Ligand SMILES: *Cc1c(COP(=O)(O)O)cnc(C)c1O
């Protein structure tokens, strides 16, 4: 059986170091807003090429607090792609604003920039592109649109830490970006966590208050805040893992290259890395018109796969949109996509077995 993902391999390899930092944090007994978190913030700000980073409790909070820090709320519209994890849209709703869905570019699964332009209204305040599967959205065009219409840009970089567009890291393009440390993400905690990275000092300062009860530093609660901090233990774990992130990304990109070589001409549509993009392959996602039959054949052959996502966001029961008619590429993607195993610890032998299994399954369809 080849697992779709296996985090135990990563943690077995890092166990001694993770236990050592656990002891360090226990000895200090500072568990919230301490030195580990501050150090991780600096290290991730550097990775993203921005001056500020603020640790928060999840990727979801990173996005919702950023929207709030930008003054977005009731009566405002924020444009976001119809094909993503549900949190891209729900974080907009948490502020009281309305998500306005746009369709995706079927080749890259990132937002369609022309559709984004058509969706702008007098109420639009921001665009939230999603770097889905680890592939950056076309940020030069998104920024151009944002400048023309005076809109903020919040990057949903939950799946894309380390990715770049035109050699500039994701996170350094927009007003701010949200990262997620959900365990299966490219940089995953041993629990939940998230971070806002930003080039704007005003946004960084406001989020530092929002995450801690609106506290300006001396039990002076200057506005309604939240309780959303990244704890020290998670920060310490993440610092151990961050030292491997570049190597892990190299491994993911290498596996993607092997799949691309091995899976040509079998009737699968393979991921396409946009010419200016550096894709970090959080997921290696292919598509096939008979996706469900393919998933079953692979499962019978001992190959784990996963579908991200079986419904477009507006087709979630909470929205009851009509994606097939209004966001047809998002709808089609939800029926055709399938992700293959792609994580740093996957062996070459396993990659070869996946390739052979997928080729066999495609021939039978
Ligand atoms: C994981 C994810 C989030 C939310 O992050 P959490 O840490 O799970 O709150 C948001 N957007 C996208 C695209 C994600 O993949």
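Rule-based calculations on the coordinates, nothing more; no lab input. Just so you know, these numbers come straight off a predicted model, no measurement behind them. Neighbour counts are summed over all protein chains in view; Cβ atoms, including those assigned to glycine, are modelled from backbone coordinates with ideal geometry.
Worth a mention:
- Gyration tensor over alpha-carbon atoms, the range 245-364, equivalent ellipsoid semi-axes in Å: 26, 18, 13
- Each residue in 331, 165 was given a count of other beta-carbon atoms within 10 angstrom of its own, and listing them fewest first yields 331, 165.
- Think of it as helices only: each DSSP H run of n ≥ 4 in the chain is worth -39500 (n - 2.57), and spread over all residues that comes to -13000 deg cm²/dmol at 222 nm.
- Note: relative contact order over the range 245-364, using C-alpha pairs below 8 Å and six or more positions apart, is 35 percent.
- Highest-MSF residue in the chain out of 61, 300, 27 [GNM, Cα springs under 10 Å]: 27
- Normalised by the number of residues in the chain, the average gap of Cα pairs under 8 Å and 6 or more apart makes the relative contact order 22 percent.
- For residue 29 and residue 218, the FRET efficiency from 1/(1 + (r/R0)^6), where r spans their Cβ atoms and R0 equals 22 Å, is about 0.45.
- Most mobile listed residue (218, 123, 200) in the chain, GNM with C-alpha springs under 10 Å: 218
- When the chain is treated as a Gaussian network with alpha carbon springs shorter than 10 Å, the biggest mean-square fluctuation among 71, 265, 191 belongs to 265.
- The chain: C-alpha pair distances exceeding 32 Å, %: 32
- Bridge orientation summary for the chain: considering DSSP beta bridges with both residues in this region, about 60 percent are antiparallel.
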